[in-house]
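The values are calculated or read from the model by the stated rules, or taken from the named source; none is laboratory data. Remember, it's a predicted structure, so these values are computed and weren't measured experimentally. Glycine gets a Cβ as well: all are built from the backbone with ideal geometry, and neighbour counts include every protein chain shown.
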Amino acid sequence: MRLVVASGKGGTGKTLVAANLAAVLSSEMEVVLVDCDVEEPNAHLFFPSEEKVLPVLIDVPAFESSRCNHCGNCSDSCQYGAIVVLREQLLFFPAMCHGCGGCELVCPQGAISMAKRPIGHIAFSTPRQGLVLITGVLHEREVMSPRVIREALNYASGHALVICDAPPGTACPVVETLEGADACIFVTEPTRFGLHDLTLAAGVAELLGVPSGVVINRSMGDDDSIRDFCRARKLPVLTTIPFDRDIAETVNSGQLLTDRMPIMRGQFRELFSRACVLTGV
Ligand code: SF4
Ligand code: SF4
């Protein structure tokens, strides 16, 4: 089963929920936690541990300038504007290249061959028994987040329980993480901003056909607008986490609620059971 923990906006507590779920369940079964927030991965802060790192490579063209006659075929065929051919010069912008290989196919001079370029890496660790943490990391100045996310998810595939900490927002990286998931837990906060972004994110999950539920974080009992929205959209509220000083201090010090506050273990186990109901398992 692949369970995604997502949110329409950053800072709602999605990593907190994903990390605590993974931690509490890992005492009973093998869990793989995948940090898909590849531009700012931070789940590892809850699980400091030695990491093994593998690069994420994409194909990029390498040009043999002595063969090039500046015909412009490669530039014309590149959908991403990664190649510009001038009268006597060819300019290549690696960060815009998606590695499709089309330019190599259309070059009449055989001046292009494909080489590898690292755009990120995947870090693996086993911070506690029963838990594998897979962290996708996009390198600075790179833009192809979905490629790194896909690779991180590939490493996790085949495991019985995979929990994904999704990137915030509703763009391509979120779609890459959500697509094919068995269920999604949206973490929101009871504010106008939380409701606005939950509305957008829930729409993405609906379009992708992923059954979803909602966790209301930092609740002070004033959750009516979120609950009304959930009722209207038939999204079950799976649990609420109170706005609480002890919780804030525990999280801010990088500790897990389920390690420090025994009452939370039951709450997160119950959250998992309710998420399983979403999937029909
Ligand atoms: S590999 Fe594809 S995306 Fe990259 S430069 Fe060639 S045509 Fe453009
Ligand atoms: S298609 Fe080949 S020959 Fe034509 S400009 Fe590109 S690299 Fe040069």
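Points to keep in mind about this one:
- Just one of the listed residues (I83, I112, I122) is buried (at least 20 other Cβ atoms within 10 Å of the Cβ) and more than 10 Å from ligand 2 (Cβ to nearest atom), namely I122.
- Here G203 meets each of (1) touching a residue at least 60 places away in the same chain (Cβ under 8 Å); (2) more than 19 Å from G11 (Cα to Cα); (3) under 21 Å from the mean Cα position of the chain (by Cα) with one exception, condition (1).
- Screening K52 with (1) of a type in the set (K, R); (2) modelled with pLDDT of 95 or more; (3) buried (at least 17 other Cβ atoms within 10 Å of the Cβ) gives one miss only, at (3).
- Residue match in the range 51-65 (condition: among the acidic types (D, E) and within 16 Å of ligand 1 (Cβ to nearest atom)): yes
Quick grid of which residues meet (1) outside the structural domain of V17 (by TED's automatic domain parsing); (2) touching a Cys at 6+ places or on another chain (Cβ under 7 Å):
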site: S75; (1), (2): yes, no
site: F93; (1), (2): yes, no
site: S125; (1), (2): no, no
site: Q129; (1), (2): no, no
site: T135; (1), (2): no, no
site: P146; (1), (2): no, yes
site: V162; (1), (2): no, no
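Residue-by-condition table, conditions (1) more than 16 Å from S273 (Cα to Cα); (2) touching a residue at least 40 places away in the same chain (Cβ under 8 Å); (3) surrounded by fewer than 24 Cβ atoms within 10 Å (Cβ to Cβ):
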| residue | (1), (2), (3) |
| --- | --- |
| M1 | no, yes, yes |
| A6 | yes, yes, no |
| K9 | yes, yes, yes |
| K14 | yes, yes, no |
| A22 | no, yes, no |
| L25 | no, yes, yes |
| D37 | yes, yes, no |
| F46 | yes, yes, yes |
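- From S77, S113, residue being among the small types (G, A, S), within 15 Å of ligand 1 (Cβ to nearest atom), touching an Asp or Glu at 6+ places or on another chain (Cβ under 7 Å) and more than 30 Å from F47 (Cβ to Cβ): S113
- Filtering the range 218-274 to residues that are among the small types (G, A, S) and either more than 23 Å from the chain's Cα centre (by Cα) or over 15 Å from L21 (Cβ atoms) (or both) leaves S219, G221, S225, A232, A248, S253, G254, G266.
- Output for the range 86-101, where each listed residue is under 28 Å from I149 (Cα atoms), in a loop (DSSP other than H, G, I, E, B) and within 15 Å of ligand 2 (Cβ to nearest atom): F93, C97, C100, G101
- Among residues of the range 66-80, those that are within 7 Å of ligand 2 (Cβ to nearest atom) and surrounded by 14 or more Cβ atoms within 10 Å (Cβ to Cβ), counted: 7
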